[in-house]
1. Name the pairs whose Cβ atoms lie under 8 Å apart, with the first residue in segment 54-70 and among the acidic types (Asp, Glu), the second at pLDDT below 85, and 6 or more positions between them or separate chains?
2. Can you tell me which residues in segment 1-57 are at pLDDT 85 or above, of a type in the set (Phe, Trp, Tyr) and either surrounded by fewer than 16 Cβ atoms within 10 Å (Cβ to Cβ) or farther than 16 Å from Ser90 by Cβ (or both)?
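The values are calculated or read from the model by the stated rules, or taken from the named source; none is laboratory data. Predicted model, so just to flag it, every value in this text is computed and none were measured. Neighbour counts run over all protein chains shown; Cβ positions are idealised from the backbone, glycine included.
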Amino acid sequence: MLTFDLVDTQQPGASGARVTVNGKPMQPAADQTTFRLPRGGGDDSYLGQPAKGKPATATRGSDFPASLLKAGGNELALTTRSGSWLLYDSVRRLERAARRGA
């Protein structure tokens, strides 16, 4: 599972985003490639005032398919598909045991 710690997103309407790993969609089904991000606080954050953002957390996927990874370097891309913009602070990958509280 991937978790995105967001600083802010576009306010008027929630943005849609897509996650790819090494150029391949994290969720291969066509209806699962775009996910909605929470509605943000406004444009001040991306205009240089991140403290005015509306922090949120967005989670994607139940399992991270290892088949998308390769030996060596890997590229993870978070791309807006609708709306305008997003600002993020971090991306975390949670192991299945960590999600169960083990």
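1. Close Cβ pairs satisfying both conditions: Asp63/Met1; Asp63/Arg96.
2. Tyr46
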